[in-house]
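To start, the structure under review is shown below, and the notes come after it.
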Amino acid sequence: MAHQSLDWSNWEAVRARKAAAAEPTVEMDERERLAVMLLQEKKAAVRKLIGPAKLKAQEPHFECPEWAAKPDSGVHLAGQKQGATVETILIDKSPYYLLGRNKEVCDVETKHPSTSRVHCAVVHHENKTVYVLDLSTAHGTFVNGRKLQPMKPAKLTEGDELRLGASSRTFKLVTHEPPAKRQRPNPANQPAQKPGQHPQNPEAEAAERAAAARAAENQIRQHADASKNLKAKADFWGNAEPGAELKAADARAAGPDADHRPQGSLHKISHLLVCHADSAYVAQGVVASLLSPDEAVARAQQLRQSILLTTDGRGVAHAFTKAVKKDSDCPVTKAKKGLIGKLGTSSAIPIPDFLSQAAMKLPEDSVSDPIETELGVHILYRHINA
C-alpha cells in the first residue's frame, strides 16, 4: 500500500493558531481571578458562620453547598406531634442544619429508630429560600407526605411539613419570629437539647411536664368514659344491633352514599400499648415502666414482627389479641382485647384523635408500625370488615 505523503509546511502555523485560540486574554484572566477571589471570600464567610467545631464534626458527613448563605432572623422549625407544637427550633444562625440520631454530629437530635444517624440537611439558599436534602437514608425523608429523592435538594416553603423516616414527629417550617420560649440548636455543635428541654430553667421544664400530663390525663379520662358506655351504644364485636344513635352517626360519617354501604361496614380498630419511663401513664402512676422511649419503640416493633410471623394457623387477629392480653400496658383497653373503636362514626364509638389518622390509612388485617404519643408507643390492628 502506498503511503500518502503529508505536507508539513503549514503545521507550525496551524499549531500557532490553536495555541492563540486556547490562550485566555488578559481581560479574561482578570475576570476569572476576580470571580475566584469573590468565591473564596464567600466560602470563608460561610465557614465563619458555621464555626470551626461544627465544621470539624460535620464535614466528614456533609459538605456545605456553595449556594448556602446566612439565613434571615427568626426562621425556625415547629416540632409537632399529633398536630400540636411541642418545640420550637431556631435555624437562623448557620447556613445549614443537620438532623439525625447522632447527637455528637447533628444540630437537631431525633429519637426514632427509623431515622438515620445523619438523616437530612436543612440548607438556607442565598436567595433566602430553604431547601432540604435527604442524605441517602434507609427510610426516607418526606415533605408534605412526598418522599424525597436522595441527595436532591427539595424546596421548603412556609407551612411545609418535614417528616423523617417512620417517626410521627413532624417539623413545620416557619419564617417569622417564634414565641419567646424557644430551643436554639447550637451552631458550635454542642449536644442537641431534648425536645421541650429548657436549660437552666427548671420551672419552665416542670410546667411543660405538668401540661403534658394534664393533656394525657384528659385523653385517658375521655377514653375511659367512652369505654364505659360502649355496651349501651353498640357491641364492639357485632353481637348486638347498634342503636339509633350509632345509625345516625354512621349516616353522617358515610355521607350521600350511606344507603349503598353494606351493613356492618365499620372497621374495628385495636391497639397494643408499650409504655416507657417518660409516658403519661407512668407519670400518672397508672402503670410502671423502666424502658426508655427508644427501647419502647424497639419493643413495639418486636411485638409487631412476632404477630405478623405467627405460625399457629389462627391468623393475625388472634395473634394480635393474644399479644394484647400478654403484653399491652393500656389499662383502659387491655380487658377489651385492645379494642379502641370503629372507623366511620363520629360520636357513638369514637377512636382517640391521636390514633385516628394512622387507623384510616391502615389496610384490613394489617398491623401498623409503632406510633409514638404522650401515652407511649402504640401498634394498631385493623380488623377484617365483617
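Can you list the GluC sites (Glu not before Pro) in the stretch 97-145 that are in a DSSP coil and have 13 or fewer other beta carbons within 10 angstrom?
Those satisfying the criteria are GLU104.
Residue by residue through the stretch 121-134, what is 3J(HN,Hα) from phi via Karplus (6.51 cos²θ - 1.76 cosθ + 1.60, θ = phi - 60°)? Round to whole Hz and write x for glycine and proline.
10, 9, 10, 8, 7, 5, 8, 6, 9, 10, 10, 10, 10, 6
Given H placed on each backbone N at 1.01 Å, which residues far from CYS330 in sequence or on other chains put an amide H within less than 5 Å of it?
Long-range HN contacts for CYS330: LEU273.
Could you give the length gained on full extension between LEU308 and LEU290, defined as 0.36 nm per residue of separation minus the Cα-Cα distance, in nm? Don't skip to the end; give the middle numbers.
Values: separation 18, 0.36 × 18 = 6.48 nm, distance 2.62 nm.
The span from LEU308 to LEU290 would gain 3.9 nm if fully extended.
Which order, highest average first, do 378-385, 138-145 follow once you tally other Cβ atoms within 10 Å for each residue and take the mean per peptide?
On the way: 378-385: 21.2, 138-145: 16.1.
Per-residue mean Cβ counts within 10 Å order the peptides as 378-385, 138-145.
Name the residues whose placed amide hydrogens come within less than 5 Å of the amide hydrogen of GLY341, ignoring near sequence neighbours (fewer than 5 apart) on the same chain.
Amide H to amide H, under 5 Å and 5 or more residues apart or across chains, GLY341 pairs with ILE269.
By per-residue mean of other Cβ atoms within 10 Å, what is the highest-first order of 34-45, 331-342, 49-60? Walk me through the numbers before you get to the answer.
Numbers: 34-45: 11.0, 331-342: 19.8, 49-60: 15.8.
The most tightly packed comes first, giving 331-342, 49-60, 34-45.
Quick one: which of LYS81/LYS322; LYS93/LYS128; LYS43/LYS152; LYS56/LYS155; LYS111/LYS337 span more than 25 angstrom between C-alpha atoms? Mind dumping the intermediate values first?
Numbers: LYS81/LYS322 30 Å; LYS93/LYS128 13 Å; LYS43/LYS152 21 Å; LYS56/LYS155 27 Å; LYS111/LYS337 30 Å.
Violating the 25 Å Cα-Cα cut-off are LYS81/LYS322; LYS56/LYS155; LYS111/LYS337.
For the stretch 74-80, in order, what is each residue's ³J(HN,Hα) by Karplus, 6.51 cos²θ - 1.76 cosθ + 1.60 with θ = phi - 60°, in whole Hz (x at glycine and Pro)?
So the Karplus estimates, Gly and Pro as x, are x, 5, 8, 9, 8, x, 10 Hz.
Short version: ³J(HN,Hα) in whole Hz for each residue of the stretch 43-59, in order, from phi by Karplus 6.51 cos²θ - 1.76 cosθ + 1.60 (θ = phi - 60°), x for Gly and Pro, what are they?
4, 5, 5, 5, 5, 5, 5, 5, x, x, 5, 5, 4, 4, 6, 9, 4
Taken together, the values in this text are just the output of simple stated rules run on the coordinates, not laboratory data. Everything numeric in this text was worked out from a predicted model, so none of it was measured. Cβ sites come from the backbone with ideal geometry, for glycine too, and all protein chains shown count toward neighbours.
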